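Quick note: the coordinates plus some simple rules give every number you see, no bench work behind them. Predicted model, so just to flag it, every value in this text is computed and none were measured. Methodologically, a virtual Cβ is constructed for each residue, glycine included, from the backbone with ideal geometry; neighbour enumeration extends over all protein chains shown.
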Amino acid sequence: MKYKKIIPIIVTLSALILSSCDDQIMEWQDRAEDSQITTAELPLELAEKIERYDALNSYTDFILGAGVGVDLYLNNETYSSITNENFDDVTAGYAMKHGPMVNSNGELNFTNVDAFIAKTKEAGLSVFGHTLVWHQNNNASYLNGLLAPTIIPGASGSNSLDLSALKDTSLDGWAGNWNTAISVVEDQGLSGDTQAIQMIADGTSNPWELQLGTPAIPIVNGHSYEVSFYIKSDIPGQGRISFDANLVNQYPWMDWYADGSDWTEAFSTTSEWQQVKITLAAADFQPGATSFMFNFDLGYLSGVTYLIDVDNISVVDLDAEPEALLNLSDLRDGSLANWAGNWNTAISVVEGEGLSSTDQAIQMIADGTSNPWELQLGTPAIPIVSGHSYEVSFYIKSDLPGQGRISFDANLVNQYPWMDWYADGSDWTEAFTTTTEWQQVKITLAAADFQPDATSFMFNFDLGYLSGVTYLIDVETIIVTDLDSSGGGGGSAPIVVEKTDEEKAEIIGEAMENWISQMVGHYKEDVHAWDVVNEPMREGGSLRDGNVDELADDEFYWVKYLGQDYAVTAFNLARQYGNATDILFINDYNLESSLAKCDGLIEYVNYIESQGATVDGIGTQMHISANSDRDNIVEMFKKLAASGKLIKISELDVRLGTNAPTTEQLVEQADMYKFVIDMYKEHIPSAQQYGITIWGISDNEEEHEFWLPDESPNLWDANYNRKHAYKGAADGLAGRDVSEDFTGELED
């Protein structure tokens, strides 16, 4: 036997009553038929009613969705069974976002989500794509890395080319066929505030018709040399380097960009700075040559203006003895032979992890440390000149927020100085902080900081403050400079070239297209609705601008680089790479608590569409509590309905402020679920009702490790039993109290 509907156990009463006699012996008597109690008349407890309800999605015609954890859905059968039985549609709570999908090289790993979609298809569920462009849950380290400044390493040896006549703008000793076509201009170099040679091609068609030649450059017999410089042009251009008769071949064809693919007479130029390098072997020079010179030949194309950065025109003797104050050779070969440290595998040199994707970095892993010296790497001895000042500088970042300091040996008066590590004069501290973005640390040591008889010193990277942090220090930017030597110790510090706003916008635009095209394209056959832009608005109704003082590790504001049209771009890309019939949403939270935010979101939708993109729907998340303002909820739905867009409740849950609610709180929660669904159906026209997604399945702590811990916001309790809220949601979806029809009757 079983109940109609579902399973509670109640003993059926006979149509008999008890009677007593004088001798207190109980006797059974038949009650009159018209006064007998039937099973249909038995009152049902609330818990019994809840168990008799059908699956939630049987009570509505619009899409009923659930926000789910992908790993739970794949591995917990109770969880997936409840999901499959009660919902039409699922939204991955985290797994389909930029952060978990994109690796450090910008590549997407589809494995986990592919398995998720395959299992949902077997169950007959659709998947709602969540989310394409949001300021959280990004691989922010990768995106910020794209925006990192270009670091031009300093020369390891002295520049053999005298640049003084360029720096004083006289061009004395430089030969050329010019009048006003060639000059030195200020603030046009690589870093924006340095000098550049400007060469203007006007009416020229041969390379030598716009030519600037260097002074004589002394050379050592049998040595090889490297010539390098940075150049750009206002429009696409062409150039070559020619040499005097001290070279065997005065007009060599070269692979100008050293990739081995294309040996040509001329190199090409664009509006972006690029480096040209030319290696001259000893055999390239005429026997007995003691010097040479070269020409910039830029007359190929008339109408082009070229800029050559002055500070980076370099001729380096590749066979000269190294002159750098700090010897990096044991880092470059990965041996760390002359570097001192307290490590086993915690400190190493890794390839391709430096500032440039091809640079080396020192990797230091803090594991179980709590004092700075517990993770320490010390340099070899660095020779110094008495009375001179020195600068130590390097670039560092970490996978998590970290801390570090620099300590010195006994050749410094103060071995553990507190410093203003970032040279802004605001904060003298023991330690500097690190983030996921590269930052430069500079330390100036005055002559008085050294012991009177010191002839050398060394310093330590002390990074043991915080356990669990991995640090990277770019090898090529660890520089020690003699500030009182004209040669700077023989080497030169790196040049940091920040990307322009225009360059950043182009880079992030390409990153957005790479992400959306791959994600939407890969799931084109399986996902037909997307949350394209998530949470674009501030609480007051203005658009977020990304100017945030402290960012979480996964925060990245696309709007900061692409401006208010970032959403226009996102919607156009989602449409371009998806299906024409895909339904594309914009989504935000607190629209019911901040009606100004709701207005601002609708205005932003209108702006997006005025720029040529199409927004199909608006999602209101509705992470609310049992006592949320009901009048505001009604007003929000009215405003959203007036937009004319499809409206989705996208992430509905109702908080109680505890993981051990009272019966009264559970009833209040159920009533709020019912109220929200009732108001959605009442105020959103049926043609605009896309559907409702309940955010989460149960109150089980596995679901709430990161979202609403120690709470009870869902329709099933921590043991996957239906709560009062299940009935509230079902009644709201059905538009009536479904349990009014329930009786105590049994059926076979």
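Do you know the relative contact order of the chain, to the nearest whole percent, from alpha carbon pairs under 8 angstrom that are 6+ apart? Walk me through the numbers on the way to the answer.
Working: 1625 pairs, mean separation 111.8, N = 748.
Relative contact order comes out at 15 percent.
For the stretch 295-302, in order, what is each residue's ³J(HN,Hα) by Karplus, 6.51 cos²θ - 1.76 cosθ + 1.60 with θ = phi - 60°, in whole Hz (x at glycine and Pro)?
Couplings: 10, 7, 9, 10, x, 4, 10, 6 Hz.
Hey, if you drop one equal point scatterer on each alpha-carbon of the chain and run the Debye formula without solvent, what base-10 log of I(q)/I(0) do you get at q = 0.08 Å⁻¹?
For the chain at q = 0.08 Å⁻¹, log10 I(q)/I(0) is -0.84.
Students often get this wrong, so check it: of 121/727; 597/645; 121/645; 639/674; 524/727; 560/597, which have C-alpha atoms separated by over 26 Å?
Working: 121/727 28 Å; 597/645 17 Å; 121/645 28 Å; 639/674 20 Å; 524/727 36 Å; 560/597 20 Å.
Over 26 Å apart, Cα to Cα: 121/727; 121/645; 524/727.
Sum up the charges of everything whose Cβ sits under 12 Å from the Cβ of residue 181, counting Lys and Arg as +1 and Asp and Glu as -1, but leave residue 181 out. Mind dumping the intermediate values first?
Details: positive: none; negative: 202, 209.
Neighbourhood net charge equals -2.
Nearest 0.05, what FRET efficiency do residue 552 and residue 148 give at R0 = 22 Å with Cβ-Cβ as r?
For residue 552 and residue 148, the calculated efficiency is 0.70.
Projected onto the charge dipole of the chain (+1 at Lys/Arg Cβ, -1 at Asp/Glu Cβ, origin at the Cα centre), which of 706, 365, 684 gives the Cα projection farthest towards the positive end?
684
Would you grab the residues whose amide H sits under 5 Å from the one on residue 91? Only those 5+ places off in sequence or on another chain, please, with H modelled 1.01 Å from N.
66, 67, 68, 128
Step by step: find N for the stretch 152-317, compute 2.2 N^0.38 Å, then divide the Cα radius of gyration by it. What's the final number? Kindly include the intermediate steps, with their values, before the conclusion.
On the way: Rg = 15.0 Å, N = 166, 2.2 N^0.38 = 15.3 Å.
It is 0.98.
Dimensions of the stretch 329-486 along principal axes (Cα, Å, largest first)?
40, 35, 27
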